[in-house]
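Heads up, the thing below is written out as structure tokens.
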Amino acid sequence: MATTEGRRVTPTPTAAPAATGRRPADYALAVARIAIGWIFLWAFLDKTFGLGFATPAAKAWTAGGSPTTGFLKGTGENALGGLFTGLAGQGWVDWLFMLGLLGIGAALILGAGIRVAAVAGTLMLLLMWAAELPLDTNPFMDDHLVYAVVLIALALANAGDTLGIGAWWGRTPLVRALPALK
């Protein structure tokens with residue numbers, strides 16, 4: 001905006017950008033990125049080693065348990081229960097699920113590969129949301145959809161560049177050749 005004093009135009013002062021060029025919102029998105037990354041990574045660690053939070057040691061993946069059986073077997077009465085119950089405990093589903101948790105969590109925490117993590121994480125969350133339909137507490141909205149929207153926002157905002165290695169990652173020859181990997 002500018003103000004006029006007679007014929008002279010005086011520019012309105014604007015706030016100077018921070019020395020790093022980062023806004024407070026950039027840091028808030030970085031913290032959200034790391035927090036959601038931890039949720040994915042923690043689920044991987046707990047299901048792998050049975051740390052006793054959601055997965056008891058006896059049902060750990062390393063103890064021969066299936067990381068998908070508990071959740072997917074419990075969907076039998078839901079709208080898409082037949083589909084998801086049939087996937088429960090299959091080796092390829094367990095591996096895909098666990099690699100997804102690890103990869104998405106690591107990418108979000110590091111700030112590299114946010115676009116890939118956002119797509120994979122959104123897909124995983126949408127499948128988990130669909131497995132729970134119909135929802136008990138809301139006609140359609142739950143935390144899976146909220147996390148999916150946040151993942152998309154993180155990718156669109158290049159949230160890996162703040163408090164992460166996203167800026168460096170984006171300059172690597174691989175990412176320059178394949179920008180979708182940013």
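The values are calculated or read from the model by the stated rules, or taken from the named source; none is laboratory data. Bear in mind the structure is a predicted one, so any value in this text is a computation, not a measurement. Here Cβ is always computed from backbone atoms with ideal geometry, including for glycine, and neighbour counts include all displayed protein chains. The accessibility values were calculated without ligands, DNA or RNA, using every heavy atom of the protein model including side chains. Shrake-Rupley method; radii C 1.70, N 1.55, O 1.52, S 1.80 Å.
Numbers at a glance
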item	result
Close pairs (8 angstrom Cβ cut-off, 6 or more residues apart or separate chains): of a type in the set (Val, Ile, Thr) in segment 170-182, open to solvent by less than 90 Å² (accessible area, probe 1.4 Å) and assigned to a helix (DSSP H, G or I) anywhere	VAL175/TRP169; VAL175/LEU181
Conditions (1) modelled with pLDDT of 95 or more; (2) not in a helix (DSSP H, G or I): number failed by GLY52	(1)
Every residue from segment 127-145 that is open to solvent by less than 70 Å² (accessible area, probe 1.4 Å) and aliphatic (A, V, I, L, M)	MET128, ALA130, ALA131, LEU133, LEU135, LEU145
So LEU87, is it at pLDDT below 95 and not aromatic (Phe, Trp, Tyr)	yes
Residue under evaluation GLY111, criteria (1) open to solvent by less than 10 Å² (accessible area, probe 1.4 Å); (2) at negative phi; (3) of a type outside the set (D, E, K, R), criterion not met	(2)
Among (1) buried (at least 19 other Cβ atoms within 10 Å of the Cβ); (2) at pLDDT below 95 - the single one TRP61 does not satisfy	(2)
Single unsatisfied condition, ASP46 versus (1) surrounded by fewer than 14 Cβ atoms within 10 Å (Cβ to Cβ); (2) among the charged types (D, E, K, R); (3) at pLDDT 95 or above	(1)
Filter result (open to solvent by 20 Å² or more (accessible area, probe 1.4 Å), touching a Leu at 6+ places or on another chain (Cβ under 9 Å) and either among the acidic types (Asp, Glu) or outside any helix (DSSP H, G or I) (or both)) within segment 79-95	ALA79, LEU80, GLY89
All positions within segment 114-126 that are open to solvent by 30 Å² or more (accessible area, probe 1.4 Å) and more than 9 Å from the chain's Cα centre (by Cα)	ARG115, VAL116, LEU123, LEU126
Of all residues making up segment 28-43, the number that are out of contact with any Gly (no Cβ under 6 Å at 6 or more places or on another chain) and either surrounded by 15 or more Cβ atoms within 10 Å (Cβ to Cβ) or within 23 Å of PHE84 (Cβ to Cβ) (or both)	9
Sole exception among (1) open to solvent by 60 Å² or more (accessible area, probe 1.4 Å); (2) farther than 21 Å from PRO24 by Cβ for ALA148, by number	(1)
